[in-house]
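Below: the structure, in structure tokens.
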Amino acid sequence: MFKMTGKFKYRTLMLMAALGLSATWQSALAHTRLKTPIIQENAANHGSDYNAVVVAHGCHNPVTGNSDANTIGTVVVFPDGKDSIITVDGQPHSGALTDFVTNWGNPVTKIQDKSIFPEEDYIKDSLGNKLGFWTGGGSGLKGGFRAVVPFTTAGVVIEPASCAKSVTFVLGIVDICEITDASKFNDETVQMWTPAVGSIYDGPGLHGFDSPATLKVNRSIAALPASCGAGVDVVVKPSANQLNRDLRINFDGKQIWPQ
Ligand SMILES: [Cu+2]
């Protein structure tokens, strides 16, 4: 934050009082989220929905005391739908994701954009399915600014015979401010937006602990079967296994984060 002279500060406070603003300069309430967190089932033509990760603030800066340290990259993964953690109205579901979604597998396409970070690439499974992406490098995202990192999601089709009235996909995202190994994850080196599922990216006690971004897909094609009543809400989280495997940056064939 810049220093203010007494007179300027007094005038500013008077102006803020007049406008009904509080004297809080920076709200730390915004977190890293999707720009459009709720979509319709298979909503868009050609089966994709334009969306973005919004990086709302940087890491904790010990000099300013604010969340305004520069961000040098971000890593984003969706649940793979294979060993994912599925709940139905909050209760564990032991069956497969195909009980509720017919076409999950290759969920995300990055929209090429080097406006903030000059490097970007996919995170794929062994079959080549695009489960996520990372982007980073350069001078990165300056503290005090936000980043909109664009991508599209494939159209999601809810199993017509199921009782799902919505399916919410929980993402794992880490905004990186310093390259470290997992033992040095703290509010100054990373902002982790991950579900607490027991991975190395849980970050208990850190700013974003168990506060992940989500993409909720509302049923909008086939009507609920009459026997379903009001229907159920399904939530799909990535497993600890998947996060430990996929939430990382490989560059030129070498893992560069975490390290
Ligand atoms: Cu926050």
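Can you tell me which residue among Phe151, Phe209 is under 13 Å from the mean Cα position of the chain (by Cα) and closer than 30 Å to Gly231 by Cβ?
On the way: Phe209 fails: closer than 30 Å to Gly231 by Cβ.
Step by step, each of Phe151, Phe209 is checked, and only Phe151 is under 13 Å from the mean Cα position of the chain (by Cα) and closer than 30 Å to Gly231 by Cβ.
Quick one: which strands (runs of 3 or more DSSP E) lie wholly within region 110-168 and hold at least 1 residues that are among the polar types (S, T, N, Q)? Reasoning before the result, please.
Working: elements: 119-124, 130-141, 147-154.
Qualifying strands (runs of 3 or more DSSP E): 130-141, 147-154.
Among the residues of region 213-242, how many are open to solvent by less than 30 Å² (accessible area, probe 1.4 Å), of a type outside the set (A, V, I, L, M, F, W, C) and closer than 26 Å to Ile173 by Cβ?
Total satisfying the criteria: 3.
Of the residues Ala147, Ala69, only one is hydrophobic (A, V, I, L, M, F, W, C), touching a Pro at 6+ places or on another chain (Cβ under 9 Å) and over 15 Å from Phe169 (Cβ atoms); which?
Ala69
Which one is farthest from Asp68 (Cα to Cα) among residues in region 207-244 that are assigned to a strand (DSSP E or B) and either within 16 Å of the ligand (Cβ to nearest atom) or of a type in the set (Asp, Glu) (or both)?
Asp233
What are the residues in region 133-149 that are out of contact with any Gly (no Cβ under 8 Å at 6 or more places or on another chain) and crowded, with 17+ Cβ neighbours inside 10 Å, if any?
Scanning region 133-149 gives Phe133, Ala147, Val149.
Which ones in region 108-124 are more than 22 Å from Asn42 (Cα to Cα) and crowded, with 16+ Cβ neighbours inside 10 Å?
Residues satisfying the conditions are Ile116, Phe117, Glu120, Ile123.
If the requirement is being touching a helix residue (DSSP H, G or I) at 6+ places or on another chain (Cβ under 8 Å), away from the ligand (no atom under 16 Å from the Cβ) and modelled with pLDDT of 95 or more, which of these qualifies: Ser199, Ser183, Ser166?
Ser199
The values are calculated or read from the model by the stated rules, or taken from the named source; none is laboratory data. Because the structure is predicted, anything quoted here is derived from the model rather than measured. Cβ coordinates were reconstructed from backbone atoms using ideal geometry, including for glycine residues, and neighbour counts include every protein chain displayed. Surface accessibility is based on the protein's heavy atoms, side chains included, excluding ligands, DNA and RNA. Shrake-Rupley method; radii C 1.70, N 1.55, O 1.52, S 1.80 Å.
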